Amino acid sequence: MRLATEIQGDEASTQKLHRADYETSKHSSKKYETPSDLSSGPSEIPEHFALAAQATNDAVRVWIVATGALAWPQGLEALLGYDRSAAADTIGFWQKLIHPQDRARAAGSIRDALAGEVNHWTGEYRLRHRDGSYLDLLERAAIERDAKGAAVRFVGSLMDVTARKQLQDQLVRSQKMEAFGQLAGGVAHDFNNFLTTILGYSDLLLDELGMKGEVAGHISEIRNAAGRASVLTAQLLAFSRKHPLAPCVLEINSLINNLERSLLRLLGEDISVECHFHRGKEGTHAKVDPGQLTQVLLNLVVNAREAMHHGGRLTLETSVVSVAGSEEHELGCEEPAPGNYVCISITDTGIGMSDEVKQHLFEPFFTTKDAGRGSGLGLATSYGIVRQSGGHICVESEVGKGTTVKIFLPEVPAPPPPSYKKPGANKMPTGVETILVLEDDISVRHLSVRVLRSLGYQVLEAASGDDAQQLVGRSENKKIDLLLTDMVMPQMSGRSFADWLNKTSPQTKVVFISGYLEESIHPGDRRSQEMFFLPKPFDSEQLAEKIREALDSAATR
Ligand SMILES: Nc1ncnc2c1ncn2[C@@H]1O[C@H](COP(=O)(O)OP(=O)(O)OP(=O)(O)O)[C@@H](O)[C@H]1O
Ligand SMILES: [Mg+2]
């Protein structure tokens, strides 16, 4: 709206402005008569506008650009918590409340809009509520100008978008974690092929060729290094939630109890440990991989120790919490499904975390330690393991006070008492059956073939589903007892080939090998219940045992 009267910037001109405003907009029923209207609000606004404005719960501010006078026709108290005594009537009030990190940006952008020719301004910034917290606000403002185009009045409605912003941030964070996960998973998967080869050939050199003395020492070093590297790939896969887990129902209190001694050793003398356990009638059970949960707890305890340079107290606590359908943020983490959760909380009295650290905490390779001291994988892998187990992990921390990390795992009923299991033999099991090895990675294939032959099996090999089909066609009358196949291959997946083979040879047992967790594989390509699974990297003994187990099983498909 252009105004006919020129503005000088004093009170009289403000008054003139309002009259002019009224005069130039006779067609509208909007009416400002005196400067006092600035603080008391418009005197005549159609009822439905006023009602609609109230219904939004937005605050409305009217700022006279030239004088710096500010009025709050609506929402000063309802949205921001201030009453009229808060000296809210000059623009300085708004400038004081805006978050220091947003001040320059928002003020600069408004200044540019006022200096230009536009009639509106939109922006987001944080404003301090009377209780000290910051609200994320979206302000949409109209700019009124005089005949020469100079900005006269800035009327903005301020909408609280805090909840939306939090959701948005959460989404961006989880998308970022997903992308990291895919990258880490891809790298780890390829590395597993190399490591399987290194582990396998080292074993062959040591066992089959009987290397002795210094050479044997060197080979053992190679094997050990590959072993350590496979711990790293396992961590990366755990983060990307593609690590094959072996979950079982665990009593969480006893797991922590058993850990306590090693925890104490880890922590040193100047840190005291307290444990508070939830006492359920039948214990507190969750379904997780015990090795992985132990790793998570150790990661968290080591972090706590490192945060308590000068000693302190570590508190381990278990409890059971219920999440009902709508209480989404009860756990302070994203989207927990309704149900009961076992909560393990680890609290330290250490240095705490800054907001910056909190933001990046779960990212792989994020560390505040000096180069070479931390890999930054501790929390990333813990995050992956907990999420893959259907749980949640969240952190509360205050600089100078300490940190609490909480892990929530879905609670399950206590299992029936375990049945007796016969102990396995130490020697590698052998056999004479015919095995078809289908694996596109040449090193893993060669290695598997060598190991299986050395165990006495008849072995056929193929690098792709097509080759394997031709091979089966050629050796028509030769019975194949077992198919050892990679799950993921470029053209025909292991599952497709297994299904094809099943038509002509239903008695053939199937063992899948994969560096991925099954759930991450396309549903149609996963194994079915009766098929066996061997995660990469594996050594000769694990291969021999899995093959024998499958061959001896009664299951037919
Ligand atoms: N209990 C804690 N108190 C304070 N800061 C913590 C705590 N736990 C983690 N952090 C911060 O989070 C960062 C990342 O932790 P994370 O465990 O992922 O990696 P790291 O401990 O640095 O390295 P790594 O665990 O691989 O040795 C740490 O460098 C530290 O700054
Ligand atoms: Mg750590």
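Just so it is clear, none of the values below were taken in a lab; they were calculated from the coordinates. Just so we're clear, the structure is a prediction, and the values are computed from it rather than from any experiment. When we count neighbours, we look across all protein chains shown, and the Cβ atoms used for this are built from the backbone with ideal geometry, even at glycine.
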* What are the residues whose amide H is under 5 Å from the amide H of residue 312, where those residues sit 5 or more places off or on another chain and H is modelled from the backbone? -> 271, 272
* residue 337 versus residue 298: modelled label distance in nm, points set 7 Å from Cα along the beta carbon direction -> 3.0
* Asked: Assuming R0 = 25 Å, what is the FRET efficiency of residue 51 and residue 118, from their Cβ-Cβ distance, to the nearest 0.05?
  -> 0.30
* Asked: Around residue 457, which amide H atoms from residues at least 5 apart in sequence, or from another chain, sit under 5 Å from its own amide H, with H modelled in the peptide plane?
  -> 431
* Which Cα, out of 197, 209, 119, lies furthest along the positive dipole direction of region 103-218 (beta carbon charges, K/R +1, D/E -1)? -> 119
* Hey, how many Å between the Cα centroid of region 362-404 and the Cα centroid of region 162-208? -> 16
* Read phi for every residue in region 315-321 and hand back ³J(HN,Hα) as whole Hz from Karplus 6.51 cos²θ - 1.76 cosθ + 1.60, θ = phi - 60°, with x for Gly and Pro. => 10, 10, 9, 10, 7, 10, 10
* Using 0.36 nm per residue, how much length does the chain from residue 276 to residue 469 gain when fully extended, once their Cα-Cα distance is taken away? -> 63.5 nm
* Asked: Three principal axis extents, largest first, for the C-alpha atoms of region 248-410, in Å?
  -> 42, 32, 27
* To do: Could you go through region 396-408 in sequence order and give the Karplus-derived ³J(HN,Hα) for each residue, using 6.51 cos²θ - 1.76 cosθ + 1.60 with θ = phi - 60°, rounded to whole Hz, and x for Gly and Pro?
  => 10, 8, 9, 4, x, 10, x, 9, 10, 10, 10, 10, 10
* Asked: When the label point is put 7 Å from the Cα of residue 183 along its Cα-to-beta-carbon vector, which residues of region 379-413 have a backbone N closer than 16 Å?
  -> 380-381
